[in-house]
Amino acid sequence: MPVRVQTEDFDLGAEILDLRRDNTGIGAVASFVGLVRDLNHGNTVAEMTLEHYPGMTEKALAEIVEEAKRRWNIIDALVIHRIGPLKPTDQIVLVAVSSAHRGDAFASCEFIMDYLKTRAPFWKKEETEAGAYWVDAREDDETAAQRWAAPSA
């Protein structure tokens with residue numbers, strides 16, 4: 001279950017094909033690709049720079065994927081997250097999950113993305129016409145991640 005943090009772009013089709021690897025038990029692949037938007041909070045974004053904590057980031061991503069494996073019947077998963085300077089329309093992140101059935105694939109893919117947004121140590125700085133600023137965590141992301149919390153005993 002590969003996890004990669006890299007500056008290079010990725011080929012979505014090639015990554016999905018590799019994830020499947022002619023495995024006849026796979027009946028579903030769900031994926032999510034996040035892109036750089038040109039507008040955020042009313043400001044035009046010229047560039048976004050993503051930074052991470054090397055080693056800790058990869059470990060956090062691997063733990064999120066392992067948690068998805070415990071919760072759903074998935075065959076394989078892939079997380080690729082880019083770092084460095086990115087322009088609008090550039091790909092930022094790929095989460096792809098294979099399983100025997102679509103329900104497990106969809107749910108685990110969404111879970112991984114929701115937890116990635118709130119639990120992985122990435123920092124985002126946007127360059128706009130109003131100047132450069134570090135982007136704060138979004139309340140919507142935390143709310144999405146809370147859906148997956150285990151019920152209290």
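Computed values, structure above
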| item | result |
| --- | --- |
| Pairs of Lys in the chain closer than 24 Å at Cα, counting only those 8 or more apart or on different chains | 9 |
| Value of [θ]222 nm, deg cm²/dmol, for the chain, DSSP H segments ≥ 4, -39500 (n - 2.57) each, nearest 500 | -10500 deg cm²/dmol |
| Between 0 and 90°, nearest 10: helix 56-71 axis offset from the chain longest Cα axis | 40 degrees |
| Angle between the chain longest axis and helix 102-119 axis [Cα atoms, degrees, rounded to 10] | 40 degrees |
| Sites Thr118 and Thr44, calculated FRET efficiency, Cβ-Cβ separation with R0 30 Å, nearest 0.05 | 0.70 |
| Check: the chain dipole with +1 on Lys, Arg Cβ and -1 on Asp, Glu Cβ, in debye | 480 debye |
| Stretch gain in nm, segment Leu17-Tyr53, where the contour uses 0.36 nm per residue and the Cα spacing is subtracted | 10.0 nm |
| Portion, in percent, of the accessible area of the chain that falls on carbon or sulfur, probe 1.4 Å | 51 percent |
| Listed peptides 107-114, 11-18 by packing density, highest first (mean Cβ within 10 Å) | 107-114, 11-18 |
| Answer label for Rg/Rh (Cα atoms, Kirkwood Rh) (calculated), chosen among [x] 0.99; [y] 0.93; [z] 0.95 | [x] |
| Virtual spin-label span in nm between Asp136 and Glu67, 7 Å along Cα→Cβ | 2.3 nm |
| Listed peptides 82-88, 135-141 by packing density, highest first (mean Cβ within 10 Å) | 82-88, 135-141 |
| Rounded accessible area per residue of region 1-86, 1.4 Å, Å² | 56 Å² |
| Exposure of Trp72 as accessible area (Å², to 10), given a probe of 1.4 Å and all protein chains | 40 Å² |
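The values are calculated or read from the model by the stated rules, or taken from the named source; none is laboratory data. Note that this is a predicted model, so its numbers are computed, not measured. Cβ: placed from backbone, ideal geometry, glycine included. Neighbour counts: every protein chain shown. Calculation scope for accessible area: heavy atoms of the full protein, side chains included, ligands and nucleic acids excluded. Shrake-Rupley method; radii C 1.70, N 1.55, O 1.52, S 1.80 Å.
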